[in-house]
Amino acid sequence: MEQGKFEPTEEGSAQDSVIFAEQNRRARGECKPETFDFLGFTFYCSKTRKGGFVPKVQTSRKKFEQKVRAYKNWIYDNRNRPMREIIKELNVKLIGHYRYYSVTWNFRKITTFLHRVQQFLFKAMNRRGCRRAYTWNGFVEMLKYYPLAKPKTYYCLY
């Protein structure tokens, strides 16, 4: 049996299926394929640097906001504990978050998440007493002594 123009080949069947999906949508006059959420990620279609078609993932907006809210509540509930304990436990939580969500093409969402956590920590630390505890520059200096876990990509999807 001879292979047709859009049938998957044995060598690159997944890639051919993705190319077929892109060409099929273009033939119908539609733009990019729809996105879908699965396991806390939003799957979407994009292009590689060379112009090839590739499916990518990023943290789902719903899960992102849910996690930010949960971390905010935890920080505000524990703001009266010593800073060393807060940072130590927060690092464990952040590393767990990174281990799940740090995949290829999701680094921007991970760094945004860290920045939002830093903002909530800054606000919570300034609500500990009657006077303002930190300026932002002072807070950054404090983070040099008690650093938060930095994000990195744990899983390469390509």
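Restricting attention to segment 131-158 and to residues that are within 15 Å of Ile87 (Cα to Cα) and hydrophobic (A, V, I, L, M, F, W, C), the residue that is surrounded by the fewest Cβ atoms within 10 Å (Cβ to Cβ) turns out to be Val140.
Please verify whether Arg116 is charged (D, E, K, R), surrounded by 13 or more Cβ atoms within 10 Å (Cβ to Cβ), within 19 Å of Lys144 (Cα to Cα) and touching a residue at least 24 places away in the same chain (Cβ under 8 Å), treating the condition exactly as stated. Talk me through it step by step, then tell me what you get.
On the way: charged (D, E, K, R): yes; surrounded by 13 or more Cβ atoms within 10 Å (Cβ to Cβ): yes; within 19 Å of Lys144 (Cα to Cα): yes; touching a residue at least 24 places away in the same chain (Cβ under 8 Å): yes.
Taking the combined requirement at face value, the residue satisfies it.
Counting the residues of segment 25-48 that are open to solvent by 80 Å² or more (accessible area, probe 1.4 Å), within 14 Å of Thr59 (Cα to Cα) and either at pLDDT 85 or above or part of a strand (DSSP E or B) (or both) gives 4.
Looking only at segment 77-134, residues that are of a type in the set (A, V, I, L, M) and touching a strand residue (DSSP E or B) at 6+ places or on another chain (Cβ under 7 Å) come to 1 in all.
Results for (1) over 16 Å from the mean Cα position of the chain (by Cα); (2) modelled with pLDDT of 95 or more; (3) open to solvent by 30 Å² or more (accessible area, probe 1.4 Å), shown as yes or no for each residue.
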site: Ile87; (1), (2), (3): yes, yes, no
site: Leu94; (1), (2), (3): no, yes, no
site: His97; (1), (2), (3): no, yes, no
site: Val103; (1), (2), (3): no, no, no
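Looking across segment 56-82, the residues that are touching a residue at least 40 places away in the same chain (Cβ under 8 Å) and open to solvent by less than 20 Å² (accessible area, probe 1.4 Å) come down to Val57, Thr59, Phe64, Val68, Ile75. When segment 49-63 is filtered for residues that are in a strand (DSSP E or B) and modelled with pLDDT under 90, the ones remaining, listed by number, are Phe53, Val54, Pro55, Lys56. Taking the conditions exactly as written (basic (Lys, Arg), out of contact with any Pro (no Cβ under 7 Å at 6 or more places or on another chain) and at pLDDT below 90), does Lys5 satisfy them or not? For Lys5, the condition - basic (Lys, Arg), out of contact with any Pro (no Cβ under 7 Å at 6 or more places or on another chain) and at pLDDT below 90 - is met. In this structure, Arg128 does not qualify as farther than 30 Å from Val57 by Cβ, open to solvent by 60 Å² or more (accessible area, probe 1.4 Å) and touching an Asp or Glu at 6+ places or on another chain (Cβ under 9 Å).
The values are calculated or read from the model by the stated rules, or taken from the named source; none is laboratory data. Source: prediction; values computed, not measured. We place every Cβ from the backbone using ideal geometry, glycine too, and count neighbours over all the protein chains shown. For the accessible areas, the whole protein counts, side chains as well, though only heavy atoms, and no ligand, DNA or RNA atoms are used. Shrake-Rupley method; radii C 1.70, N 1.55, O 1.52, S 1.80 Å.
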